[in-house]
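Enquirer: Once you've had a glance at the structure underneath, I'll fire off some questions.
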Amino acid sequence: MIILDNKKFSNILIPNSNIYLWIIVVLVAILYKYNLYIAGAGTLILLYLIYYKVREANLSQERWKEVVENLSIDIDLASQNLLLELPFPLIILKDNQNIIWYNSSFREICGVEKNILNKRISEVFQDLDISQLGTKDKKNISYQYRDKTYKVYFNDIKNTGEDNIRIMYWLDISDHEMLRKKYIHEKPVIAYIEIDNYDEVLKSSDESYMPIINAVIDRKISSWAKDINAFVIKYETDKYMLMFEYKYLASLEERRFNILDSIRETQSGNKIPITLSIGVGISRKKLTLPEIQNLSRSALDIALARGGDQAVLRKDEKIFYFGGKTQAVEKRTKVKARVKAHGLRELIENSEKVYIMGHEIPDIDCIGAALGIYRCAKFLNKEAYILFGKSNPSIDIIYSELLELGYKDAFITPENARKNATANTLLVVVDAHKRNMVQEASLIDKVDKIIVIDHHIRAAEFIEKSVLTYLEPYASSTCELVSEIIEYIDDEIKLKDFEATALLAGIYMDTKNFSIKTGVRTFEAASFLKRNGADTVKCKQLLKDDREVLIAKSEAVKNAEISENKIAIATVTNKTDKINLIVAQTADELLNIQGVEASFVIAQTEESSIISGRSYGSINVQLILEKLGGGGHMTIAGAQLPGTDLELGKKLLKKSISQYFKEGEQK
């Protein structure tokens, strides 16, 4: 059975002039056989028909071409009209730089009177950076021009010529940007305020003035809160919580939390200045109110750990400090020391062994504190070791004495400590709290239990993993804190004479023979150590200088320059392994010059420049050196500047000093 294709069959029925011409050709050829005249006439007719056929075919092709061309023109006109009348601005660039065309909407951006054709886009919009467009992660950019914000998109056209064409579309997102800013400005911010020395202020004041002092504090905080349209609640006698909108935070930063100065200047029968600690936490992430609350509480904890009288602003992982230019308030109560001592004892008893680690280049305060913790661990029958890499000039004498007295087995190298440490090893970090300052940072990750005991002002790079932290900036030294701990560990604990002497020597060194940063509890700790066999003459011998150090100090003091009329800056050029000791002691010596309130000494080591700062308390050297990556506390601080020579280091130091005084003038 044959099935015909309907389409092919229908094509056969469609008339075709070529077939007719071929039929006429055949008929004319037959006529030539019968009648030449009729055949000739048929030939003429055939030629005319062929001519007519060819002419009509050509005319039809021309007409079709005209129709197509007219259609193309119509489409081009429609496209041009579309581009011209687009509701958003559009611009075409040649070679990604020169403006060769723009629509009417874009003309409104630049202004009708402004001619930008054939100009470079960088000339018209000088702060527009289009170099990032087209990269893998940058498909558009936001651009602020005059009073509007645009989202700029692009489209590159592949051209057969040599020129590159880029079309840029500008979408007006001003309304969206306004809503976004409004959302950010209205985000809630929580601030916690705590009076650092509330109990001390009331105890030192007459009873009749107590209500007045409370009223003045409440009034000043309420007035400050009103300025930023904040809701304030007093949830304890010395604690407040504020909630305000984010838009007011910039003014607080600009005024550097001036409530700190206002409260400190309060004179309403109080005999000692009143100081506040403020903690504010914010985040770019979308946080719940409890999460914002926790962030602000952690900022307050940092402010308190740094000695109070300051505001700490925590922006995610970044921390900013305001204030902190007065001495930390000494807490007369020893309740905290007793609590920490009991916690330390429990952790030691539940550990397999104890490692005690100080900072990278240990001094007498570090070694003395380590010996105190070592004696506590041995008293509790635990295997204990002090991490010790190599000696340095500041501890050569005390280290030699320890070896002679049989303490060799009490020390362990950082390599062996790292190798033998287990998860159940207790790591006690003394005289340091920054991860990058300890002798063996890898131990922090290897053990599960860490205790931090330090007297320096808390820095941002804190060992967050610690299970117990005893950080008290008011204390004169770490040896003072450890001495208090030993008192409460157990009444039966007995320090060896040299251990008590080493602890007392640490206090001697950091207080400059009880002249700087010395409080009631400093003398109480010294009294406890004296009762346990500390030798004051031996302390002086441990702190003696050799001839080389004395000569280097004298030369540096002689060539010192005075900055800001009250700051001495000296440079030590000696190349010796005792450079750290020389720098620290030279800074101490410069304070003996009349009129000098603070001193800084800078020297060059193989790896970096080192700076040591000292003060009597009127100038906070810790804040100055903190800007250079250093730390310490108000009267004693230090910094290292890796890859920096003496000249650059000195320049950076002077810049930091200038910023310190400039910030003070803005308060």
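Enquirer: Return the only residue of Ser400, Ser394 being part of a helix (DSSP H, G or I), at pLDDT below 95 and of a type in the set (S, T, N, Q).
Expert: Result: Ser400 is the single residue among Ser400, Ser394 that is part of a helix (DSSP H, G or I), at pLDDT below 95 and of a type in the set (S, T, N, Q).
Enquirer: Please verify whether Thr518 is under 36 Å from the mean Cα position of the chain (by Cα), at pLDDT 90 or above and not assigned by TED's automatic domain parsing to the domain that holds Leu623, treating the condition exactly as stated.
Expert: Spelling it out, it is not the case that Thr518 is under 36 Å from the mean Cα position of the chain (by Cα), at pLDDT 90 or above and not assigned by TED's automatic domain parsing to the domain that holds Leu623.
Enquirer: Scanning for something farther than 28 Å from Ser400 by Cα and assigned to a helix (DSSP H, G or I), does segment 485-504 turn up at least one residue?
Expert: Yes, some residue in segment 485-504 is farther than 28 Å from Ser400 by Cα and assigned to a helix (DSSP H, G or I).
Enquirer: If a residue must be buried (at least 23 other Cβ atoms within 10 Å of the Cβ), within 19 Å of Met437 (Cβ to Cβ) and of a type in the set (S, T, N, Q), how many such residues does segment 608-634 contain?
Expert: The qualifying residues number 3.
Enquirer: Go through segment 431-475 and give me each residue that's without any contact (Cβ under 8 Å) to a residue 40 or more places away in the chain and assigned to a helix (DSSP H, G or I).
Expert: Arg435, Asn436, Ser442, Ile444, Asp445, Lys446
Enquirer: Got a number for residues in segment 172-218 being of a type in the set (Asp, Glu), surrounded by 15 or more Cβ atoms within 10 Å (Cβ to Cβ) and modelled with pLDDT of 90 or more?
Expert: Of the residues in that region, 1 qualify.
Enquirer: Scan segment 269-295 and report the pairs whose first residue is farther than 20 Å from Gln310 by Cα and whose second residue is among the charged types (D, E, K, R) and assigned to a loop (DSSP other than H, G, I, E, B), with Cβ atoms within less than 8 Å and a gap of 6+ or a chain change.
Expert: Gly269/Asp206; Ser283/Asp316; Arg284/Asp316; Lys285/Asp316
Enquirer: From Gln541, Gln604, Gln594, which residue is surrounded by fewer than 22 Cβ atoms within 10 Å (Cβ to Cβ) and either in contact with a Pro (Cβ under 8 Å, 6 or more places away or on another chain) or touching a residue at least 60 places away in the same chain (Cβ under 8 Å) (or both)?
Expert: None of the others qualify; the one that does is Gln541.
Enquirer: Let me ask something else. Out of the residues in segment 375-400 that are of a type in the set (S, T, N, Q) and more than 17 Å from Ile489 (Cβ to Cβ), state the one that is surrounded by the most Cβ atoms within 10 Å (Cβ to Cβ).
Expert: For segment 375-400, the residue satisfying everything is Ser394.
Enquirer: Please return the ranges of strands (runs of 3 or more DSSP E) entirely within segment 278-375 where 3 or more residues are farther than 30 Å from Glu663 by Cα.
Expert: 353-357
Enquirer: I've got another one for you. Could you give me the residue pairs with C-beta distances under 7 Å whose first residue belongs to segment 519-532 and is assigned to a helix (DSSP H, G or I), whose second residue is of a type in the set (A, V, I, L, M, F, W, C) and surrounded by 19 or more Cβ atoms within 10 Å (Cβ to Cβ) wherever it lies, and which are 6+ apart or on separate chains?
Expert: Thr522/Ile507; Ala525/Ile507; Ala526/Leu504; Ala526/Ile507; Leu529/Ala500; Leu529/Leu503; Leu529/Leu504
Enquirer: Just one of Lys285, Lys382 is out of contact with any Phe, Trp or Tyr (no Cβ under 9 Å at 6 or more places or on another chain), farther than 29 Å from Thr266 by Cα and assigned by TED's automatic domain parsing to the domain that holds Val428; which is it?
Expert: Lys382
Enquirer: Could you pull out every one of the strands (runs of 3 or more DSSP E) wholly within segment 571-667 that has 2 or more residues that are within 24 Å of Asp261 (Cβ to Cβ)?
Expert: Counting at least 2 such residues, we get 608-615.
Enquirer: Of everything in segment 544-562, what is touching a Ser or Thr at 6+ places or on another chain (Cβ under 9 Å), in a loop (DSSP other than H, G, I, E, B) and surrounded by 13 or more Cβ atoms within 10 Å (Cβ to Cβ)? Give them in sequence order.
Expert: Selection gives Ala560 alone.
The values are calculated or read from the model by the stated rules, or taken from the named source; none is laboratory data. From a predicted model like this one, the values you see are computed outputs, not experimental measurements. Neighbour counts run over all protein chains shown; Cβ positions are idealised from the backbone, glycine included.
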